[in-house]
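Report on the structure given below.
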Amino acid sequence: YLGMATRYAFIDELFRYIKPSVSVQGKETIDEMFAHMNDLLEHRKRQFSSGNGNANVDMKARVIAATNPFSRSGESVEETLQRVDESYLSRFLILWQPENGEQVQLVRRAKQSELKTYDGVVLSKEEWLSVVDFLHSKQSVFDEKRVEVIFEKNKEFLSERLVEYYCTRYQHHLRCLMDGIIKTRGIMEGKNVFVATEADYLLCEMIWQRVI
């Protein structure tokens, strides 16, 4: 699925696919499994082999995934992440939703009977895809130095073990976040040129601090 998706790959319960291996295999086997996933997430051409033959994969899609902890017997998200290879996790921008978090409680309080039916313009699948392709083809413009300040000021909240992965990969994640914020606002305003505003920098920093 990851190798065949062309724009986005959506995965629910990501850790459910690897939970059996984590439960019964040694750490070396688990790390090897994550290493195969790392090759996919690098978005580079790779050859994967099994007893059924070989496959050449050049992954194009961006992955959006949701998951719960491995165990339903009380293991927390933090405990689960301690068992997962850091290099694998560093390829994702992780937004943790705690059990008592505002978003989780908002969903749980929602009543289906109180939801209003949307009666606005509905885009066809082809129209949505054209919007996505248009945004991917455009380059956003923002001040790299201001984004670097956001990156550096939040480094102090990380443990020494995590700083290495933060410095290696998270500048890329932060630039992608900034790019997405600019383009989301721009497309809603009907723009076809995407230049950062002061509000974009403030929103980016707020989201980034929440992620960290």
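The values are calculated or read from the model by the stated rules, or taken from the named source; none is laboratory data. On a predicted model such as this, the values are computed, not experimentally measured, just so you know. Please note: Cβ atoms are built from the backbone with ideal geometry, for glycine as well, and neighbour counts cover all protein chains shown. What goes into the accessible areas is simple: the full protein's heavy atoms, side chains included, and nothing from ligands, DNA or RNA. Shrake-Rupley method; radii C 1.70, N 1.55, O 1.52, S 1.80 Å.
Provide, in order from the shortest bin, the percent of all Cα-Cα pairs of segment 50-97 in each 5 Å bin, continuing until the bin that contains the maximum pair distance.
4, 14, 20, 20, 13, 14, 9, 5, 0
With the crude spin-label approximation of a point 7 Å out along Cα→Cβ, what separation in nm comes out for Val149 versus Glu78?
Here the answer is 3.2 nm between the modelled labels.
Using a 1.4 angstrom probe on the protein heavy atoms only, could you order Tyr88, Tyr170, Tyr17 from most to least accessible area?
Ranked from most to least accessible, the order is Tyr17, Tyr170, Tyr88.
For Trp208, Trp96, what's the largest-to-smallest order of accessible area, 1.4 Å probe?
Numbers: Trp208 0, Trp96 125 Å².
Result, largest first: Trp96, Trp208.
In 10 Å bins starting at 0, how do the alpha-carbon pair distances of segment 48-171 split up by percent?
8, 20, 31, 29, 12, 0
Subtract the Cα-Cα distance of Lys125 and Leu106 from 0.36 nm times their separation in residues, and report this length gain in nm to one decimal.
Gain on stretching Lys125 to Leu106: 4.0 nm.
Using alpha carbon coordinates only, what is the Rg to Rh ratio of the chain, with Rh defined as the Kirkwood radius?
On the way: Rg = 19.7 Å, Rh = 20.1 Å.
Expressed as Rg/Rh, it is 0.98.
On full extension of the chain, what length is gained from Tyr8 through Thr197, given 0.36 nm per residue of separation minus the C-alpha to C-alpha distance?
Numbers: separation 189, 0.36 × 189 = 68.04 nm, distance 2.69 nm.
Between Tyr8 and Thr197, full extension yields an extra 65.3 nm.
If a helix is a whole DSSP H run, which ones in the chain reach 15 Å or further along their own axis (Cα) and hold a mean Kyte-Doolittle hydropathy of at least 0.5? All intermediate terms of the calculation are to be shown ahead of the outcome.
On the way: long enough: 27-41 (21 Å, -0.32); 125-137 (18 Å, -0.10); 160-188 (40 Å, -0.36); 198-211 (20 Å, 0.13).
Membrane-span-like by this criterion, though nothing is claimed about a membrane: none.
Can you give me the solvent accessible area of Glu126 with a 1.4 Å probe, rounded to the nearest 10 Å²?
120
Report, by chain and number, residues whose modeled amide H sits under 5 Å from the one on Ala9, excluding near sequence neighbours (fewer than 5 apart, same chain).
It is Arg62, Val63, Ile64, by chain and number.
Can you give the accessible area per residue of the chain, in Å², using a 1.4 Å probe?
Details: 14880 Å² over 212 residues.
Solvent-accessible surface per residue comes out at 70 Å².
Provide the gained length on full extension for the span His36 to Ser49, in nm with one decimal, where the gain is 0.36 nm per separating residue minus the Cα-Cα distance.
Numbers: separation 13, 0.36 × 13 = 4.68 nm, distance 1.05 nm.
Roughly 3.6 nm would be gained on extension.
Residue-wise, which Karplus ³J(HN,Hα) couplings in Hz belong to segment 86-93, taking 6.51 cos²θ - 1.76 cosθ + 1.60, θ = phi - 60°, and x for glycine or proline?
Karplus-based 3J(HN,Hα) across segment 86-93 equals 5, 5, 5, 4, 5, 7, 10, 9 Hz.
Over 5 Å intervals from 0, what percent of Cα-Cα pairs in segment 148-212 sits in each interval?
For segment 148-212, the pair-distance distribution reads 4, 16, 28, 21, 13, 9, 5, 3, 1.
For Glu156 paired with Arg62, estimate the spin-label separation in nm (one decimal), with each label point 7 Å from Cα along the Cα-to-Cβ line.
Distance between label points: 3.1 nm.
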